[in-house]
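Working notes, beginning with the structure itself.
The values are calculated or read from the model by the stated rules, or taken from the named source; none is laboratory data. Computed from a predicted model, the values in this text were never measured in an experiment. Please note: Cβ atoms are built from the backbone with ideal geometry, for glycine as well, and neighbour counts cover all protein chains shown.
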Amino acid sequence: MAEAAHSRVPLRPEIKALPEYVPGARPEPGVKVHRLASNENPYPPLPSVAAELAEELVGINRYPDMGNADLLGALADFLNAQADHGITSANLAVGTGSVGVLGHILQAVVGPGDEVIYPWRSFEAYPIVVDIVGGRSVRVPLIDGYTDLDGLVAAVTDRTRVLIVCTPNNPTGTAVTHSDLVRLIGQVPPEVLVLVDEAYLEFVRGDDPVRALALVDEFPNVVILRTFSKAYGLAGLRVGYAIGHPEVMAGVRATVTPFGVSSLAGRAGVLSLGARDELMTRVDGLVAERDRVVAALAKQGWQLPETQANFVWFDLGEESLAFAKAAGEAGILVRPFAGDGVRVSIGDSENNDALLSFTRQWLAGR
Ligand SMILES: *Cc1c(COP(=O)(O)O)cnc(C)c1O
């Protein structure tokens, strides 16, 4: 290749200016650390799921089913299991993680200069996917770590196409209630797509939790975003989905990458829905660990926003990077946001004990 020659291919200005997605730190090869930087599930796949995936592996010379019929069917059955909401594959779209689906939703409804409103700080993929489609981000600051629902409504203009509510919010962990969300949707014009990102839904134990399917039943402008990456422990396979009105979802499906969900990912999704009870027992264990960690941190003197997710948020401001560096030196990988705070995932009890002893030392040395 021509060395040091510049390419004269002009990139779109939005792409040149994209903020970088900063992934959670990864361990050096062979070094054992506590991996609490990316909100992953600490548990490996269930042996039953892993064994069936191994069988699927021998078929990977073939393309997956383009329509992901098995996964969509399994999702519809799962979503109608509690009460028949009449969800069919027409209400669904799947993609390469819920970040992939999010990108497709924006491609379907956001054009150049259109506005996408979201709380901030929130999931760091939001500004990136908005910029990629040429949209304009409108960020509404959190209030002490909590989503400002009135602020989100007040930010709506006639250029607004999408309003995102992330609940529980990454990285602060706070959740909105069903009643508050219904009130918000009632104040937003029906042309604005309200996107509810429920990546951490399975960890929510608070009062009046969001009932996503009731929202989809009632409001044709609501889309729910979910993932197999967190509670289901499939982050490495990349599969997520959205639920919404058939006309909106047809537009989303029209934009998806053909064969984006691999045969392994699709099969893993089906198997995980089949093993849901076993997986949710693990989630219960993580929630119990979360409650233990939160209580222990409060006892140490920390004041944290109330988390409903599998992580906690330390509002450390200018100390954030120093905290993360010291944690790293103590063998704990965490996710700092410079000048703002540090997000730490809930791991297994050994991981969490390491965190608690680190935070105690940190406070003592401060
Ligand atoms: C982790 C996360 C996701 C999930 O991303 P995947 O692409 O499904 O792995 C989506 N939204 C939020 C807010 C998250 O934190």
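Matching residues to (1) within 21 Å of the chain's Cα centre (by Cα); (2) away from the ligand (no atom under 16 Å from the Cβ); (3) among the small types (Gly, Ala, Ser):
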site	(1), (2), (3)
Thr172	yes, no, no
Thr177	yes, yes, no
Gly233	yes, no, yes
Glu247	no, yes, no
Phe259	no, yes, no
Gly266	yes, no, yes
Val270	yes, yes, no
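Being over 14 Å from Val196 (Cα atoms) and within 15 Å of the ligand (Cβ to nearest atom) narrows it down to one residue among Ile128, Ile164; which is it?
Ile128
Yes/no per residue for (1) modelled with pLDDT under 95; (2) assigned to a loop (DSSP other than H, G, I, E, B); (3) in contact with a helix residue (DSSP H, G or I) (Cβ under 9 Å, 6 or more places away or on another chain):
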position	(1), (2), (3)
Tyr118	no, no, yes
Pro127	no, no, no
Val130	no, no, yes
Arg139	no, no, yes
Leu163	no, no, yes
Pro168	no, yes, yes
Ile185	no, no, yes
Gly206	no, yes, no
Leu215	no, no, yes
Original post:
Of everything in the range 101-146 that's surrounded by fewer than 20 Cβ atoms within 10 Å (Cβ to Cβ) and under 13 Å from the mean Cα position of the chain (by Cα), which residue is farthest from Glu247 (Cα to Cα)?
Top reply: Glu124
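Please verify whether Tyr200 is over 12 Å from the mean Cα position of the chain (by Cα) and of a type in the set (Phe, Trp, Tyr), treating the condition exactly as stated. Quick ask: steps written out before the conclusion?
On the way: over 12 Å from the mean Cα position of the chain (by Cα): no; of a type in the set (Phe, Trp, Tyr): yes.
So Tyr200 does not fit the description; no.
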Subject >> Unique match (being more than 14 Å from the ligand (Cβ to nearest atom) and under 26 Å from Ser89 (Cα atoms)) among Leu213, Leu149 >> reply: Leu213
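Within the range 86-100, take every residue that is at negative phi and near the ligand (Cβ under 10 Å from one of its atoms) and give me the one that is surrounded by the fewest Cβ atoms within 10 Å (Cβ to Cβ).
Selected residue: Thr96.
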